[in-house]
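In what follows, a single structure is set out as structure tokens and then discussed.
Throughout, read-outs are computed from the coordinates displayed, never taken from laboratory work. What you are looking at is a predicted structure, and each value in this text was computed from that prediction instead of being measured. We place every Cβ from the backbone using ideal geometry, glycine too, and count neighbours over all the protein chains shown.
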Amino acid sequence: GTLVHARLDPTADSPDWTLTWSNAGHPPPLIRTRDGRVDLLEQHDILFHKDLGPLHRTEARRRLPAGSTLLFYTDGLIERRDHDIDASLAQLVDLLARHGDLPLPELLHRISDSSADPARGDDVVVLALRVP
């Protein structure tokens, strides 16, 4: 199994927030800063599986400036049979770079409208939040 476990904390004496996360093989969360730059949070550990036993998990931290948009999603959004997952991820990054300043409901509609039909039986979940 895969997952991202994340926590947001206010940063003292700043409008910024701090994101702390651990990723067990899940697609990388995306951060779009107010200037339109999008970063993939690619740090991750191995997947969860009963045969792998208990493993040490690492945490990463990233400061989120005011106005940043954070995007989490399931693999059903970018993974299609006979389609390159890296190309799908690049399309999502481009969409977030161009439209990430829209109100979140509009951004989510754009993401939903732009994605290819989900793979049969695969879920698609997207969570977006914006740092005030």
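List of remarks:
- DSSP-loop trypsin sites (Lys or Arg not before Pro) across segment 66-110, with at most 10 other Cβ within 10 angstrom: Arg81
- Net length gained if the chain between Glu42 and Ala12 were fully extended (0.36 nm per residue, minus Cα distance): 8.2 nm
- For His109, His26, order by how many other beta-carbon atoms lie within 10 Å, fewest first: His109, His26
- Fully extending the segment from Arg98 to Asp84, taken as 0.36 nm per residue of separation minus the present Cα-Cα distance, adds 2.9 nm.
- Residues Val125, Val38, Val131 in ascending order of nearby Cβ atoms (within 10 Å, fewest first): Val125, Val38, Val131.
- In plain terms, the residue of Asp86, Asp39 with the fewest other Cβ atoms within 10 Å comes first and the most crowded comes last, giving Asp86, Asp39.
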